[in-house]
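Enquirer: Quick one: the structure is below, questions incoming.
The values are calculated or read from the model by the stated rules, or taken from the named source; none is laboratory data. What you see is a predicted model, and the numbers here were worked out from it, not measured in a lab. Because the Cβ atoms are built from the backbone with ideal geometry, glycine has one as well, and the counts that use them run over all protein chains shown. Calculation scope for accessible area: heavy atoms of the full protein, side chains included, ligands and nucleic acids excluded. Shrake-Rupley method; radii C 1.70, N 1.55, O 1.52, S 1.80 Å.
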Amino acid sequence: EAGVTQSPTHLIKTRGQQATLRCSPISGHTSVYWYQQALGLGLQFLLWYDEGEERNRGNFPPRFSGRQFPNYSSELNVNALELEDSALYLCASSLASSGRDEQFFGPGTRLTVL
Amino acid sequence: KQEVTQIPAALSVPEGENLVLNCSFTDSAIYNLQWFRQDPGKGLTSLLLIQSSQREQTSGRLNASLDKSSGRSTLYIAASQPGDSATYLCAVPPIGTSYGKLTFGQGTILTVHP
């Protein structure tokens, strides 16, 4: 069974540009989570999508947004990039209705803002 | 607000030692607790999910225990190997639910030297 996949692996942008990150969940999983792991700051929750709807949002500015598609894959968009957006962005998927909600993570996208 | 703390922040041991990693949480109304491993620059690998109704969960050389009343979980690694070197993270879902965003500890950096 294929795990969570993310693309691209690395992304280099300049300040002010926009970045789009993609995530494909494990087959059958309906929930997708996005987390940011910046150097020295630990893992911070960004967004949660389930069944195509945004269920929860972390303490991030509105320039961080996303969506979930009918096939449950998801996109994270970051507008007006700032230097401090440089981080590893991790996507996780789960089957919330299972009652266990074990989250499985992808390999991440390393975003570098110059 | 749930807070998760991991002690120690770093641990260096010789190969073959048995070791214990600690995780504490401030609110005991958790449904489950998940342990992860993260290699440098990589995504998270789920090691164990322990439900609130369980006291222990085992996978190979790993054993996780959960004591909700004291707000603690421990991850026991038997006969450590250099390949066990990684950062170990514990995480819990929101209070009173089994799913949703995870709150992570800061992690324990484990080094096992030959």
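Enquirer: Among B:SER53, B:SER12, B:SER24, which is the only one that is closer than 28 Å to A:VAL4 by Cβ and either part of a strand (DSSP E or B) or hydroxyl-bearing (Ser, Thr, Tyr) (or both)? Don't jump to the end; show me each part of the working.
Expert: Working: B:SER12 fails: closer than 28 Å to A:VAL4 by Cβ; B:SER24 fails: closer than 28 Å to A:VAL4 by Cβ.
Sole residue among the options that is closer than 28 Å to A:VAL4 by Cβ and either part of a strand (DSSP E or B) or hydroxyl-bearing (Ser, Thr, Tyr) (or both): B:SER53.
Enquirer: Give the residues of segment B:11-26 that are open to solvent by less than 50 Å² (accessible area, probe 1.4 Å) and either more than 15 Å from the chain's Cα centre (by Cα) or over 15 Å from B:LYS68 (Cβ atoms) (or both), sorted by residue number.
Expert: B:LEU11, B:VAL13, B:GLY16, B:LEU19, B:LEU21
Enquirer: Looking at B:ARG55, B:ARG37, which one is basic (Lys, Arg) and open to solvent by less than 50 Å² (accessible area, probe 1.4 Å)? Walk me through how you get there before you give the answer.
Expert: Values: B:ARG55 fails: open to solvent by less than 50 Å² (accessible area, probe 1.4 Å).
None of the other options fit; the residue is B:ARG37.
Enquirer: Just one of (1) surrounded by fewer than 21 Cβ atoms within 10 Å (Cβ to Cβ); (2) more than 11 Å from chain B (Cβ to nearest Cβ); (3) touching a His at 6+ places or on another chain (Cβ under 9 Å) trips up A:ARG110, so point out which.
Expert: Against the list (1) surrounded by fewer than 21 Cβ atoms within 10 Å (Cβ to Cβ); (2) more than 11 Å from chain B (Cβ to nearest Cβ); (3) touching a His at 6+ places or on another chain (Cβ under 9 Å), A:ARG110 comes up short only on (2).
Enquirer: In segment B:79-111, which residue that is assigned to a strand (DSSP E or B), open to solvent by less than 30 Å² (accessible area, probe 1.4 Å) and touching a Gly at 6+ places or on another chain (Cβ under 8 Å) is farthest from the other protein chains (Cβ to nearest Cβ)?
Expert: Only one residue tops the list, namely B:TYR88.
Enquirer: In addition: Return a yes/no flag: does segment A:10-33 have any residue that is at the interface with chain B (Cβ under 10 Å from one of its Cβ atoms), open to solvent by less than 70 Å² (accessible area, probe 1.4 Å) and farther than 18 Å from A:LEU81 by Cα. Give the derivation first.
Expert: If we filter segment A:10-33 for residues that are at the interface with chain B (Cβ under 10 Å from one of its Cβ atoms), which is where we start, we get A:31, A:33.
Restricting the remaining residues to those that are open to solvent by less than 70 Å² (accessible area, probe 1.4 Å) gives A:31, A:33.
Among the residues that remain, those that are also farther than 18 Å from A:LEU81 by Cα are: A:31, A:33.
Yes, segment A:10-33 contains at least one residue that is at the interface with chain B (Cβ under 10 Å from one of its Cβ atoms), open to solvent by less than 70 Å² (accessible area, probe 1.4 Å) and farther than 18 Å from A:LEU81 by Cα.
Enquirer: Might you check whether a residue that is closer than 21 Å to A:CYS91 by Cβ, within 14 Å of another protein chain (Cβ to nearest Cβ) and over 15 Å from the mean Cα position of the chain (by Cα) occurs anywhere in segment B:49-65?
Expert: First, the residues of segment B:49-65 that are closer than 21 Å to A:CYS91 by Cβ: B:49.
Within this subset, residues satisfying the condition of being within 14 Å of another protein chain (Cβ to nearest Cβ) are B:49.
Add one more test, that the residue is over 15 Å from the mean Cα position of the chain (by Cα), and what stays is none.
Looking for residues that are closer than 21 Å to A:CYS91 by Cβ, within 14 Å of another protein chain (Cβ to nearest Cβ) and over 15 Å from the mean Cα position of the chain (by Cα), one finds none in segment B:49-65, hence no.
Enquirer: If we scan segment A:62-80, do we find a residue that is assigned to a strand (DSSP E or B) and within 13 Å of chain B (Cβ to nearest Cβ)? Quick ask: steps written out before the conclusion?
Expert: Narrowing segment A:62-80 to residues assigned to a strand (DSSP E or B): A:64-68, A:74-78.
Now restrict to residues that are within 13 Å of chain B (Cβ to nearest Cβ): none.
No, the conditions are met nowhere in segment A:62-80.
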